[in-house]
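The values are calculated or read from the model by the stated rules, or taken from the named source; none is laboratory data. As the structure is a prediction and not an experimental result, all values here were calculated from the model. Cβ placement follows ideal geometry from the backbone for every residue including glycine, while neighbour counts extend to all protein chains displayed.
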Amino acid sequence: MNSGKKPNPPMKSGVNNFIILGSSGSGKGTQAEILGRKFNLKVVDGGDYLRKLIFSRAENSRRVSEKLNKGKLAPTDIIKEWIRRQIFSKPISRGLIFSGQPRMIGEAKLALKWFKQSGRGLPLAIFLKVSTQEVLKRLKKRYICSKCKEVYTLDKPPVRPCKICGGKIIKRSDDTPRLIKNRLEYFYKQVAKTLKFFKEKGILIEVNGEQSVGEVHKEIVRKIKFYKTKSQKPNTKTINQKV
């Protein structure tokens, strides 16, 4: 909802580009949108891109659909090209915040290379830590509009159409218990390598994603500020201190 307030100006010093990672149901999309509004960042959502690609029936839609329906990550060549295009096609005067990508180690290495080549500098990676039990509980309540993809959190199956476009509200096809567990297992196996890579680069912060939306946002902002004050010091690693 538009409050009528103007967004804060972009950060003028330190990091101005971000990557938010987390499993399905971790709230990364929500936090990306909040940060985007707060700091006037351009949000680029990997999940939205893949869902639109599937529904478009474009050349690569079947490949993506087959992977995701098995609970696996999207083909890495498609993700790499999408990341490269986003970094180089957007005005450098406005920071970017990637939601959900890059996940694979190869994608992450190329992303950092492209960030530097574009003149943006290294981004800061944010990982939302959420337990498997909490993810299953959250996704049990997740529904989406079949047309505009608006996300709803509902305790019971919907009886009314989408409040935005009038479309039918449905469960996502990949939100079955089996596929959720497959996604989580595959996610942690693959993304652990990427998180380790970001940590070794000194550009990773970890946040407790099981708090309320507001508290998660506050912790992210605190740790971003803490990172900026420490980033000039040598051997800075993951910022996990309680700040």
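Beta carbons closer than 6 Å, at least 6 apart along the sequence or on distinct chains, pair a first residue in region 132-143 that is in contact (Cβ under 8 Å) with a residue 12 or more places away in the chain and closer than 16 Å to VAL213 by Cα with a second that is surrounded by 15 or more Cβ atoms within 10 Å (Cβ to Cβ) and polar (S, T, N, Q) for VAL135/SER23. The set of residues from region 134-161 being over 28 Å from ILE224 (Cβ atoms) and polar (S, T, N, Q) comprises just one member, SER146.
Under the condition of being more than 17 Å from the chain's Cα centre (by Cα) and either aliphatic (A, V, I, L, M) or loosely packed, with under 14 Cβ neighbours inside 10 Å (or both), which residue from region 142-151 is nearest to LEU195 (Cα to Cα)?
Here is the first cut: in region 142-151, the ones more than 17 Å from the chain's Cα centre (by Cα) are 143-148.
Next, only the ones that are either aliphatic (A, V, I, L, M) or loosely packed, with under 14 Cβ neighbours inside 10 Å (or both) stay: 144, 148.
On the way: ILE144: 29, CYS148: 32 Å.
Filtering first and then ranking leaves ILE144.
The one condition from (1) farther than 22 Å from ALA192 by Cα; (2) in contact with a strand residue (DSSP E or B) (Cβ under 9 Å, 6 or more places away or on another chain); (3) not aliphatic (A, V, I, L, M) that PHE98 does not meet is (1). State whether one or more residues within region 192-213 are surrounded by 18 or more Cβ atoms within 10 Å (Cβ to Cβ), in contact with a helix residue (DSSP H, G or I) (Cβ under 8 Å, 6 or more places away or on another chain), of a type in the set (Gly, Ala, Ser) and within 16 Å of PHE18 (Cβ to Cβ). Yes; the residues of region 192-213 include at least one that is surrounded by 18 or more Cβ atoms within 10 Å (Cβ to Cβ), in contact with a helix residue (DSSP H, G or I) (Cβ under 8 Å, 6 or more places away or on another chain), of a type in the set (Gly, Ala, Ser) and within 16 Å of PHE18 (Cβ to Cβ). Number of residues in region 163-189 that are in a helix (DSSP H, G or I) and in contact (Cβ under 8 Å) with a residue 60 or more places away in the chain equals 11.
If only one of ARG160, ARG103 is surrounded by fewer than 15 Cβ atoms within 10 Å (Cβ to Cβ) and not in a strand (DSSP E or B), which one is it? I'd like the intermediate steps shown before the answer.
Values: ARG103 fails: surrounded by fewer than 15 Cβ atoms within 10 Å (Cβ to Cβ).
Unique residue meeting the criteria: ARG160.
Does any residue of region 69-76 turn out to be assigned to a loop (DSSP other than H, G, I, E, B), under 18 Å from the mean Cα position of the chain (by Cα), at pLDDT below 90 and charged (D, E, K, R)? I'd like the intermediate steps shown before the answer.
Taking region 69-76 first, the residues assigned to a loop (DSSP other than H, G, I, E, B) are 70-75.
Next, from what is left, pick out any that are under 18 Å from the mean Cα position of the chain (by Cα): 71-75.
Going one step further and asking which of them are at pLDDT below 90, we end up with 71-75.
Then drop every residue that is not charged (D, E, K, R), which leaves 72.
Checked against the condition, which is being assigned to a loop (DSSP other than H, G, I, E, B), under 18 Å from the mean Cα position of the chain (by Cα), at pLDDT below 90 and charged (D, E, K, R), region 69-76 yields at least one hit.
In region 15-67, the residue that is surrounded by the most Cβ atoms within 10 Å (Cβ to Cβ) out of those that are part of a loop (DSSP other than H, G, I, E, B) and without any contact (Cβ under 8 Å) to a residue 24 or more places away in the chain is ASN60.
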